[in-house]
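To start, the structure under review is shown below, and the notes come after it.
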Amino acid sequence: MVVGTLKIFLYIHNQQSLKEKRKVVKSIVNKVHHRFNASIGEVGSNDKWQMIELGISTLANDRRFVNSALDTILSYIDSLYLGEIIDSKIEIFNV
């Protein structure tokens, strides 16, 4: 079994409150979860209203498939134009 994790740091422009940030986070989480059936959630920067830190995980039998899926998810989040991707990190584990 191969488990892949993706951690994304996003900077959102023109947000004035945590309420507006939560709206963006909820939108990203719902879209990614329903489109890719991957586990996703906010994992940090909870009190910073211009930063979003998301954690995403997926698993499969093939390392290349997991890597491809996470790359596709990263590209999809970038294509939503809801925030600027500051940093991302993919880790893949064989279990």
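Of all the residues that make up the stretch 17-39, how many are touching a residue at least 24 places away in the same chain (Cβ under 8 Å) and more than 16 Å from ILE86 (Cβ to Cβ)?
At the first step, the residues of the stretch 17-39 found to be touching a residue at least 24 places away in the same chain (Cβ under 8 Å) are 17-18, 20-21, 24-25, 27-29, 31-32, 35-36, 38.
When the remaining residues are screened for being more than 16 Å from ILE86 (Cβ to Cβ), the result is 17-18, 20, 27, 29, 31-32, 35-36, 38.
Counting residues in the stretch 17-39 that are touching a residue at least 24 places away in the same chain (Cβ under 8 Å) and more than 16 Å from ILE86 (Cβ to Cβ) gives 10.
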>> So ASN14 passes all but one of these: (1) surrounded by 14 or more Cβ atoms within 10 Å (Cβ to Cβ); (2) free of Cβ contacts under 8 Å to residues at least 60 places away in the same chain. Which condition number does it fail?
In response: (1)
> Restricting the first residue to the stretch 71-94 and requiring it to be under 15 Å from GLY55 (Cβ atoms) and touching a residue at least 24 places away in the same chain (Cβ under 8 Å), which pairs with a second residue that is polar (S, T, N, Q) and assigned to a helix (DSSP H, G or I) meet a Cβ separation below 8 Å and a spacing of at least six or different chains?
Replying inline: ILE90/ASN67; ILE92/ASN67
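Of the residues VAL43, VAL66, VAL32, VAL24, only one is out of contact with any helix residue (DSSP H, G or I) (no Cβ under 9 Å at 6 or more places or on another chain) and buried (at least 18 other Cβ atoms within 10 Å of the Cβ); which?
Numbers: VAL43 fails: buried (at least 18 other Cβ atoms within 10 Å of the Cβ); VAL32 fails: out of contact with any helix residue (DSSP H, G or I) (no Cβ under 9 Å at 6 or more places or on another chain); VAL24 fails: buried (at least 18 other Cβ atoms within 10 Å of the Cβ).
Checking each option against the conditions leaves just VAL66.
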> Name the residues in the stretch 2-52 that are in a loop (DSSP other than H, G, I, E, B) and either on the phi < 0 side of the Ramachandran plot or among the basic types (Lys, Arg) (or both), would you?
Replying inline: ILE12, HIS13, GLN15, GLN16, SER17, ALA38, ASN46, ASP47, LYS48, TRP49, GLN50
> From MET1, MET51, which residue is touching a strand residue (DSSP E or B) at 6+ places or on another chain (Cβ under 7 Å), farther than 19 Å from LEU74 by Cα and either at pLDDT below 95 or aromatic (Phe, Trp, Tyr) (or both)?
Replying inline: MET1
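Looking only at the stretch 53-95, how many residues end up being assigned to a loop (DSSP other than H, G, I, E, B) and over 16 Å from LYS26 (Cβ atoms)? Reasoning before the result, please.
Of all residues in the stretch 53-95, those assigned to a loop (DSSP other than H, G, I, E, B) come to 61-62, 80-83, 95.
The next check asks that each one be over 16 Å from LYS26 (Cβ atoms); those that pass are 61-62, 81, 95.
Residues flagged as assigned to a loop (DSSP other than H, G, I, E, B) and over 16 Å from LYS26 (Cβ atoms) within the stretch 53-95 amount to 4.
To keep it simple, each residue is scored yes or no on (1) among the hydroxyl-bearing types (Ser, Thr, Tyr); (2) out of contact with any Asp or Glu (no Cβ under 8 Å at 6 or more places or on another chain).
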site	(1), (2)
THR5	yes, no
ILE12	no, no
GLN16	no, yes
LYS21	no, yes
LYS31	no, yes
SER39	yes, yes
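The values are calculated or read from the model by the stated rules, or taken from the named source; none is laboratory data. The structure displayed is predicted, hence computed values, not measured ones. Note that each Cβ is placed from the backbone with ideal geometry, even for glycine, and that neighbours are counted across all protein chains shown.
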